[in-house]
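Read the figures in this text as sums done on the coordinates, not as results from a lab. Remember, it's a predicted structure, so these values are computed and weren't measured experimentally. Quick reminder, even Gly has a Cβ in these numbers, built from the backbone with ideal geometry, and neighbours come from all protein chains shown.
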Amino acid sequence: MTKRTGRRLAATVIAIGSVTGLSGRLLHGADALDRLEAGRLARVAAARADLAAARQTLPRTGALSEYRVNLHVHSLLSHDSRGSVAEIVAAARAAGTDAVLFTEHPTAEYDFVADGHAGLHDGVLLVPGAETQGLLLFPRVPVPEHASLSPQDLVRRVRQRGGLAFLSHLEERLDWQLDGLTGCEIYNTHADAKDEQRLFAALKNPLWLLQVAPLVKAHPQEAFSALQDEPTLYLRRWDELGAVAAHTGVSANDAHRNIGLVARLADDGRVRVCDALDEELVVLDAALVRGLLPVPEGARPGAELFRLQLDPYECSLRHVGTHVLAEELSRDGIFAALEAGRAFVAFDWIAPATGFDCALVDANGRHELGSQVPAGPGRRLEARAPLPGHWRVVQGGAVVHEADGARLGWDVPATATGPLRVEVWLDVADERLLWVISNPFHLRPAG
Ligand SMILES: [Zn+2]
């Protein structure tokens, strides 16, 4: 290679990097970049296999069934996604998801309720909704005037007609005090990504993208979930909101499938590089990029030379989910469970948390997650998980008890009031990761 060609190649490489537009849209993790190292990805994959082998199947008895729900999902109705219903349903099935609650960005071209994805598709329940004004909205009837309403009036309108409303992106909306919310996000994948500066820097480096592509292909879930950190700010905010009024905590996948890069052979023999939304970024001289993107002998126009998809739907939907305890897999069933707080959030990518159970037991029997229970003596927290883990009992934002094992039994102090919830953590490779976050029981002061 001549010095001149080398310089041109370097300039092209920098050009690819600067136009990929990846920096504003990706993943996070305090050390996501460290976690994307080949040896570590393999260790995490091995740890997941061990957990899968050790995992117990825990049958659930009683009138309520457990359904896994993904909230905050975008499809081709949103400007920043190209996902079809068939692709999202297939991903949901692969991820063990029973219901997808869509949150499209509204436009004048469609009504996000009437024209949204709805009903059972291949066994997966689809529920239409929108992400607007910092809220996740799931109305039962169209709200065509939504853009002219204040956030508080929008919440009121949706809730009065039996719909659900959740606060979204808490990291941007710390000052909000809205009445009548169903709840709030307690984890948002996109928010988890935002402060990962080292990863953003790496994403602008095309050589790093080329290097990381085979690792992502070998371990797509471990690579995606490298972004997971404890959502400290979200949990603190949720605990604060819960001290005032019950807020059902849900996880937000913020799934778009819009982070990646694809290079194809063009009709004229050049190489066409597009982003994950298939928007053309740059067209390159094949000879110029031969070393980086070799064109196979006999390749025809349209042949894919390179693909890196960092956020396929299957990985983003599996990463985290909200498990609800409902009477049936229907919009009414899911809505009733979310209204009541009968739900827990789980990072199921580590191991499916299906079968996790947590109840507050007293002389009156068993109270489900989300229940309002009068304070007083004789109340016991009883919980189980499909794998032994590290348990934390959190009351009013403070850890009040810790234990290890597959079960938890804890006598609640008679004086305890306010929200009481549990977390389960698992050791995965060299890290202790948050696995399950239950919704709280609400201990009412006596009298
Ligand atoms: Zn979103």
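Neighbour counting of Cβ atoms within 10 Å sorts the residues V320, V124, V295, fewest neighbours leading, into V295, V124, V320. The distance between label points at R380 and T107 comes to 5.8 nm (points 7 Å beyond Cα on the Cα→Cβ vector). Helix 151-160 against the longest principal axis of the chain: what's the angle in degrees, Cα atoms only, rounded to the nearest 10? Result, in degrees: 60.
Other residues within the sphere of radius under 13 Å centred on the Cβ of G163, judged by their own Cβ, net out at +4 (K and R +1, D and E -1).
The simple Förster model, with R0 at 41 Å and r as the Cβ-Cβ distance, assigns A45 and D80 a FRET efficiency of 0.85.
Seen against the Cα atoms of the chain and their longest principal axis, helix 38-54 is set at about 40 degrees.
Where in the stretch 401-432 does the label zone of A54 land, with the point 7 angstrom along Cα→C-beta and an amide N cut-off under 18 Å? Within reach of a label on A54: 403-408, 424-432.
Quick one: order D311, D348 by neighbouring beta-carbon count within 10 Å, fewest to most.
The fewest-first ordering by Cβ neighbours comes to D348, D311.
Kirkwood radius for the chain, taken over all pairs of different Cα atoms as the inverse mean of 1/r, rounds to 23.2 Å. In this rough spin-label picture, where each label sits 7 Å from Cα along the Cβ direction, the D34-L64 distance is 3.8 nm. With Cα atoms as the point set, the radius of gyration and Dmax of the stretch 330-406 evaluate to 14.0, 38 Å. Averaging the Cα positions of each part gives two centres, and for the stretch 38-76 and the stretch 418-447 these lie 17 Å apart. Note: relative contact order over the stretch 260-309, using C-alpha pairs below 8 Å and six or more positions apart, is 46 percent. Test of understanding: extend the Cα→C-beta vector of R290 to 7 Å, then name every residue of the stretch 246-277 with backbone N under 16 Å from that spot. It comes to 269-271, nothing else. Once C-alpha pairs closer than 8 Å and six or more residues apart are averaged by separation and normalised to the residue number of the stretch 308-418, the relative contact order reads 20 percent. Computed extension gain for R156 through A403, at 0.36 nm per residue and net of the alpha carbon distance, reaches 84.8 nm. Over the chain, calculate the relative contact order: mean separation of alpha carbon pairs under 8 Å at least 6 apart, over the residue count, as a percent. Once normalised by length, the contact order is 18 percent. In this rough spin-label picture, where each label sits 7 Å from Cα along the Cβ direction, the R366-T232 distance is 3.7 nm.
Ordered by the count of other Cβ atoms within 10 Å of each Cβ, fewest first, K194, K217 give K217, K194. Among R236, R300, R384, the residue with the largest mean-square fluctuation in a Gaussian network model of the chain, with springs joining Cα atoms closer than 10 Å, is R300.
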